[in-house]
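A.B. asks: For reference, the structure I am asking about is given below.
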Amino acid sequence: MLKKFEIVTSLSLLLLLCSIATSGFGQTENQYLGPIIDMHLHAYTNEDFFGPAPNPTTGEMSTDNATEHRRQTVEILKNNNIVLSMVDGESPEAVDAWEQILGDGVIRGLRFENPEDLDLNLFSEWVEEGKIDVFGEVGATYAGFSSADSILDPFLEISEEFDIAVGIHTGGSRPGAHILNPDFRLRYGDPFLVEDVLVTHPNLRVYLMHSGSHFYERTAMLMVQYPNLYSDIAILNWYTNAEVFLVPFLKLAKDYNVLDRVMFGTDQMVWPEAIEMAIDKVQSLDFLTLEEKEGIFYMNAARFLNLSEETIAKHHDQE
Ligand SMILES: [Zn+2]
């Protein structure tokens, strides 16, 4: 028979074990295990590939060529049940190589920084030929342009007409970005600059990439005001120190009731391992319910992309 203090000690031990179970192993209860959509991946050619470069969070060195980068990334996508990815390239050709491997698991994006480099006729041709599903990443802020600069208007008009989604870089960049990109300005990453685009093109499907990072409060405000505006949490979920934006943004989005328009993305750039870092980060956020994680990892993007019930069922069968 146990003495009183032994009973107390045993009870404490039991409680301790229970709390370890819920905080550690118990996390599996709140882990999302279904298919994932990554709304923010980049394709490169061997010409525009910028590795080898150290992962800004881990220091691990990337590969030095686009072919190996693609091979590594595809393997990680498959291992993590990422069934659909928005992959953008500086030209449709860069995305072709991905589509050859992943087929309809690829949403084709067109990435650019300087809007002056875009050719409207070529763009229309690509759209009509089905070579572009997403106009973006619009990285105009790197070239010293606001995302709402009138130079983009004709491209946005075509996107609206052909129901091409638009992904706009919002927020900051790596510290010191202006050294390599002298025209970069943080102020052009202000999500409020996108407001006029939302008003002028009411039927355009727009998502704010990086959820505005430094300006996350403005992203959440805009999402309240504009019920068809979405965002992705790429970079915020793996980049060094970016959690200072991720956690308060998601909490605010939850409070404002707009969390069902926040989508998963990674922006792994040349570091495929960042995809798993990003998944683990979102899985570890215990203020999110399992249903909210399911929304972020899959359902919100499925809605934004107007995926058919058949496609959604197929993605769930792939598990
Ligand atoms: Zn970006």
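The values are calculated or read from the model by the stated rules, or taken from the named source; none is laboratory data. Since we're looking at a predicted model, the values are computed, not measured. Virtual Cβ from ideal backbone geometry, glycine too; neighbours counted across all protein chains shown. Please note that ligands, DNA and RNA were not included when accessible areas were found on the heavy atoms of the full protein model with its side chains. Shrake-Rupley method; radii C 1.70, N 1.55, O 1.52, S 1.80 Å.
A.B. asks: Restricting attention to segment 123-179, and to residues there that are free of Cβ contacts under 8 Å to residues at least 24 places away in the same chain and not acidic (Asp, Glu), which single residue is farthest from the ligand (Cβ to nearest atom)?
C.D. replies: Restricting to residues being free of Cβ contacts under 8 Å to residues at least 24 places away in the same chain and not acidic (Asp, Glu), the top hit is Gly130.
A.B. asks: Moving on. Among the numbered criteria (1) more than 12 Å from the ligand (Cβ to nearest atom); (2) more than 16 Å from the chain's Cα centre (by Cα); (3) among the polar types (S, T, N, Q), which single criterion is violated by Thr219?
C.D. replies: (2)
A.B. asks: Continuing with the same structure: Given (1) within 19 Å of Leu152 (Cβ to Cβ); (2) under 20 Å from the mean Cα position of the chain (by Cα); (3) not β-branched (Val, Ile, Thr), identify the lone condition not met by Lys251.
C.D. replies: (1)
A.B. asks: Would you be able to say whether some residue in segment 281-291 is closer than 30 Å to Arg71 by Cβ, in contact with a strand residue (DSSP E or B) (Cβ under 8 Å, 6 or more places away or on another chain), surrounded by 18 or more Cβ atoms within 10 Å (Cβ to Cβ) and among the aliphatic types (A, V, I, L, M)? Steps first, answer last, please.
C.D. replies: Step one: list which residues in segment 281-291 are closer than 30 Å to Arg71 by Cβ, which gives 281-284.
The next check asks that each one be in contact with a strand residue (DSSP E or B) (Cβ under 8 Å, 6 or more places away or on another chain); those that pass are none.
Within segment 281-291 (the criterion being closer than 30 Å to Arg71 by Cβ, in contact with a strand residue (DSSP E or B) (Cβ under 8 Å, 6 or more places away or on another chain), surrounded by 18 or more Cβ atoms within 10 Å (Cβ to Cβ) and among the aliphatic types (A, V, I, L, M)), the answer is no, since none of the residues qualifies.
A.B. asks: Is there any pair with a first residue in segment 244-264 that is in contact (Cβ under 8 Å) with a residue 60 or more places away in the chain and a second that is of a type in the set (Ser, Thr, Tyr) and open to solvent by less than 80 Å² (accessible area, probe 1.4 Å) whose Cβ atoms are under 8 Å apart and which are 6 or more apart or on different chains, and what are they?
C.D. replies: Short answer, once both residue conditions are applied: Phe245/Ser211; Phe245/Ser213; Phe245/Tyr216; Met263/Tyr207; Met263/Tyr230; Met263/Ser231; Phe264/Tyr298.
A.B. asks: Additional query: Out of segment 113-142, which residues are farther than 18 Å from Gly212 by Cβ, in a helix (DSSP H, G or I) and open to solvent by 20 Å² or more (accessible area, probe 1.4 Å)? Steps first, answer last, please.
C.D. replies: Within segment 113-142, the subset farther than 18 Å from Gly212 by Cβ is 113-135.
Now drop any that are not in a helix (DSSP H, G or I), which leaves 115-117, 120-128.
Within segment 113-142, Glu116, Asp117, Leu120, Asn121, Leu122, Ser124, Glu125, Trp126, Glu128 meet the criteria.
A.B. asks: The conditions are (1) outside any loop (DSSP other than H, G, I, E, B); (2) open to solvent by less than 10 Å² (accessible area, probe 1.4 Å), and Pro154 fails exactly one of them. Which is it?
C.D. replies: So Pro154 meets the others, but not (2).
A.B. asks: Ok, one more. Mind telling me which of the residues Val194, Val247, Val224, Val199 ends up being part of a helix (DSSP H, G or I), at pLDDT 95 or above, surrounded by 23 or more Cβ atoms within 10 Å (Cβ to Cβ) and away from the ligand (no atom under 13 Å from the Cβ)?
C.D. replies: Values: Val247 fails: surrounded by 23 or more Cβ atoms within 10 Å (Cβ to Cβ); Val224 fails: surrounded by 23 or more Cβ atoms within 10 Å (Cβ to Cβ); Val199 fails: surrounded by 23 or more Cβ atoms within 10 Å (Cβ to Cβ).
When all the criteria are applied, what remains is Val194.
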